[in-house]
Amino acid sequence: MKKYSAFSLLKNALSYHENWQKVWRNPTPKSDYDVIVVGGGGHGLATAYYLAKVHGLTNIAVIEKGYLGGGNTARNTTIIRSNYLWDEAAQLYELSLKLWEGLSQELNYNVMFSQRGVLNLGHTLQDMRDIERRVNANRLNGIDGEVVSPQRVKEIAPLINISADSRYPILGASFQPRGGTARHDAVAWGYARGADALGVDLIQQTEVTGIRRQDGAVVGVETTKGFIGARKVACVTAGNSSVVAAMAGLRLPVESRPLQALVSEPVKPCLDTVVMSNAVHGYISQSDKGDLVIGAGVDSYNGYGQRGSFHIVEHTVQAICELFPAFSRVRMNRQWGGIVDTCPDACPIISKTSVDGLYFNCGWGTGGFKATPGSGYVFADTVANDRPHPLAAAFTLDRFNSGALIDEHGAAGVAH
Amino acid sequence: MLLIHCPHCREAREEEEYSYRGEAHIVRPLAPESLSDEEWGDYLFFRSNPKGIHHEMWYHAVGCRRYFNVTRDTLTYEILESYLIGQQPAVTGATS
């Protein structure tokens, strides 16, 4: 792999940028791998990258039914933060945030990670009590955060309406300055390029149609390009996790639901932070391109249709206009839905299964993007060593039998 | 926007009148205390979550405030039937 640098940019400029090396190979699948990662989104590619980088495995394939990073990685609102309430979740997301902080250098690929801060607004007395509690819990876990007044909110995001006459006036917020956004596609591409350079085969346009087992252990996967053998199969197929689990005769405690987002026409810079509101239910940031990126709530019912109910978007836009009256004149460009696996406790599943050599990383619900590096890191460790990584130990499937759930519905950001 | 037929009201109304109550035909165990942790966890949390034909409960929250079942395709969102609690669906499909 050739290193990206100012020098390589200059050198390639001299040949009119026609001689850049391909970012990754397009290999034909081998007949057998040590590990097959099912799903070539951010989490799957990160898993493959860390399996190769940290655990020294090189005989790995990532099998993707569409194109790399074409699922939820391309459909989220790119918000990154780690201000979760419970120790287990906070430490997992904080590991991720720390990896984000060095990711562009690590991958030699600009993921455009921007620590512009994240505001979580409070509109009721109970919201503010929850915010105080969460910020205190965060600080005990070494995570940055502060409780800020409406005046401070206004300083951070001047267009916001802090009038006491609002229907749901802003009483304050939590602010995590280290939070922010990143370029979603670049994360998938950066991990893909890094994994490919370490020898991982990235196999696109190939759908896994079955998981072959023998004596209770995985022996490989059936695909649209034939059978491929593997000693371990790691499934990272957000949205379709239940479908893949059913191929191995398993059921999961997840339900797949559409989560919507929309972007406006590009406008001049006017919002240099991320604003989220649990109570009026919307979240917004501005991309480097100038679009206002707005996220909505999740549909109440199961669906795989990658589109959501109109009334959800309507409600979200009402909330955004309430917070930012100026945005009522902005035209919306595109709207879409992604299918998220929602878990009963709004926390992910990073787990071995009852089938030997079969692992699942799913159930990230509405907030998986921010966890991409950390998720890949702990899942790779779990797969390589066939036991949960210490930070993933609380997130096994067993918690749904033992009852040790990690209720993050509050800090998951939006009510759902 | 789904148009859901309520078999109690005998009318198709917009989805905002209803609330979703999850997978149908899950029978509460008669003797919960005799179940293992696995069986109880399975009853509480594990779901089939199919891509395709799905039988689900809906509650007519701002209408008759009664429960009923719906058979819906979770990929196309087509509603194939509504039927009363206690009845069996007329449409069943291979779940994937």
field: Test result for A:Ser163, surrounded by 24 or more Cβ atoms within 10 Å (Cβ to Cβ), at pLDDT 95 or above and not acidic (Asp, Glu)
entry: no
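Matching residues to (1) open to solvent by 30 Å² or more (accessible area, probe 1.4 Å); (2) touching a residue at least 24 places away in the same chain (Cβ under 8 Å):
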residue: A:Lys2; (1), (2): yes, no
residue: A:Val23; (1), (2): yes, yes
residue: A:Tyr33; (1), (2): no, yes
residue: A:Val37; (1), (2): no, yes
residue: A:Gly40; (1), (2): no, yes
residue: A:Thr47; (1), (2): no, yes
residue: A:Leu57; (1), (2): yes, yes
- prompt: Is the stretch B:49-60 home to any residue that is out of contact with any strand residue (DSSP E or B) (no Cβ under 9 Å at 6 or more places or on another chain), among the β-branched types (Val, Ile, Thr) and either assigned to a loop (DSSP other than H, G, I, E, B) or open to solvent by less than 70 Å² (accessible area, probe 1.4 Å) (or both)?
  reply: no
- prompt: For the stretch B:1-27, what are the residues that are under 17 Å from A:Ser309 (Cα atoms), open to solvent by 50 Å² or more (accessible area, probe 1.4 Å) and either of a type in the set (Asp, Glu) or assigned to a loop (DSSP other than H, G, I, E, B) (or both)?
  reply: B:Met1, B:Glu14, B:Glu16
query: Quick one: what pairs do we get from the stretch B:1-26, first residue at the interface with chain A (Cβ under 8 Å from one of its Cβ atoms), second of a type in the set (Asp, Glu) and exposed (fewer than 15 other Cβ atoms within 10 Å of the Cβ), C-beta under 7 Å, 6+ apart or different chains?
result: B:Met1/B:Glu14
task: Could you tell me which numbered condition A:Tyr191 fails, if it satisfies all but one of (1) closer than 16 Å to A:Met276 by Cβ; (2) surrounded by 15 or more Cβ atoms within 10 Å (Cβ to Cβ); (3) of a type in the set (Ser, Thr, Tyr)?
output: (1)
task: Scan the stretch A:305-330 residue by residue and report those that are assigned to a loop (DSSP other than H, G, I, E, B) and modelled with pLDDT of 95 or more.
output: A:Phe324, A:Val330
statement: Note on the stretch B:61-78: residues buried (at least 17 other Cβ atoms within 10 Å of the Cβ) and either among the β-branched types (Val, Ile, Thr) or in contact with a helix residue (DSSP H, G or I) (Cβ under 8 Å, 6 or more places away or on another chain) (or both) are B:Val70, B:Thr71, B:Thr74
query: What number goes with the only condition from (1) assigned to a helix (DSSP H, G or I); (2) closer than 18 Å to A:Thr78 by Cβ that A:Arg178 does not pass?
result: (1)
message: Restricting to the stretch A:219-255, name every residue that is of a type in the set (A, V, I, L, M, F, W, C), open to solvent by less than 10 Å² (accessible area, probe 1.4 Å) and part of a strand (DSSP E or B).
response: A:Val221, A:Ile228, A:Ala230, A:Val233, A:Ala234, A:Cys235, A:Leu252
Pairs where the first residue, in the stretch A:332-350, is of a type in the set (S, T, N, Q) and the second is buried (at least 24 other Cβ atoms within 10 Å of the Cβ) and assigned to a loop (DSSP other than H, G, I, E, B), C-beta under 6 Å, 6+ apart: A:Thr342/A:Gly365
- prompt: Going by the structure shown, is A:Gly122 touching a strand residue (DSSP E or B) at 6+ places or on another chain (Cβ under 8 Å) and not aliphatic (A, V, I, L, M)?
  reply: yes
- request: Kindly establish whether A:Arg213 is assigned to a helix (DSSP H, G or I) and farther than 26 Å from A:Thr73 by Cα.
  value: no
query: Hey, any hits in the stretch A:85-98 for a residue that's open to solvent by 20 Å² or more (accessible area, probe 1.4 Å) and more than 21 Å from A:His389 (Cα to Cα)?
result: no
- prompt: What about A:Gly229, is it touching a strand residue (DSSP E or B) at 6+ places or on another chain (Cβ under 9 Å) and at positive phi?
  reply: no
field: Boolean, A:Thr372 is in contact with a Gly (Cβ under 7 Å, 6 or more places away or on another chain) and of a type in the set (Ser, Thr, Tyr)
entry: yes
- line: When restricted to A:Gly376, A:Gly365, A:Gly410, the only residue buried (at least 24 other Cβ atoms within 10 Å of the Cβ) and assigned to a loop (DSSP other than H, G, I, E, B) is A:Gly365
- request: Assess whether B:Glu39 counts as being within 11 Å of another protein chain (Cβ to nearest Cβ) and within 28 Å of A:Ser402 (Cα to Cα).
  value: yes
field: Options B:Leu30, B:Leu75; residue that is within 9 Å of chain A (Cβ to nearest Cβ), free of Cβ contacts under 8 Å to residues at least 60 places away in the same chain, of a type outside the set (Phe, Trp, Tyr) and part of a loop (DSSP other than H, G, I, E, B)
entry: B:Leu75
- request: Would you check which residues across the stretch A:131-150 are out of contact with any Pro (no Cβ under 9 Å at 6 or more places or on another chain) and over 17 Å from A:Ser82 (Cβ atoms) and list them?
  value: A:Glu132, A:Val148, A:Ser149
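The values are calculated or read from the model by the stated rules, or taken from the named source; none is laboratory data. Just so it is clear, the model here is predicted, and its values are computed rather than measured. All Cβ positions, even for glycine, are placed from backbone atoms using ideal geometry, and neighbour counts span all protein chains on display. The accessibility values were calculated without ligands, DNA or RNA, using every heavy atom of the protein model including side chains. Shrake-Rupley method; radii C 1.70, N 1.55, O 1.52, S 1.80 Å.
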